[in-house]
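One structure is given below, encoded as structure tokens.
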Amino acid sequence: MPICRVKSAAVEEQHNQKTQTIMRSQMAGLDLGNGYELPFRVGLGQRPAYPVGEYDIDPKSFALGQYGDLTLKRYVDLVPLGAKAAPPPVKA
């Protein structure tokens, strides 16, 4: 299972002079289980920064592209690994 690791709560802000907006983001690493992390940027919008920890990508962050390709939405939501709801018990 891939794991997203946030190692710093630092937020990067980029000012767009043309639209007078501020783009806020935070860096995270995606561990695919092979020992290497792929760095990626998590767009925050107006949301607070994620605390340092391990996360999973919220299933609501996935979408289908124009041609049926699996994509991630612009703002990816991360869910702390310990906060996942337990699956319902299986009835025998």
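Of the candidates 74, 47, 24, which one comes out as most mobile in a Gaussian network treatment of the chain with C-alpha springs shorter than 10 Å? Fluctuation is largest for 47. Among 50, 75, 67, the largest mean-square fluctuation in a Gaussian network model of the chain (Cα springs under 10 Å) belongs to 67.
Please report the net charge: other residues with Cβ closer than 9 Å to the Cβ of residue 26, K and R +1, D and E -1. The answer is +1.
State the label only: which of [x] 12.7; [y] 13.8; [z] 15.1 corresponds to Kirkwood radius over Cα pairs in Å computed from the shown model? Only one option fits the structure, namely [z].
Sorted fewest first by neighbouring Cβ atoms within 10 angstrom, 3, 57, 22 come out as 22, 3, 57.
Quick note: the coordinates plus some simple rules give every number you see, no bench work behind them. Quick caveat, the model's predicted, so the values are computed rather than measured. Here Cβ is always computed from backbone atoms with ideal geometry, including for glycine, and neighbour counts include all displayed protein chains.
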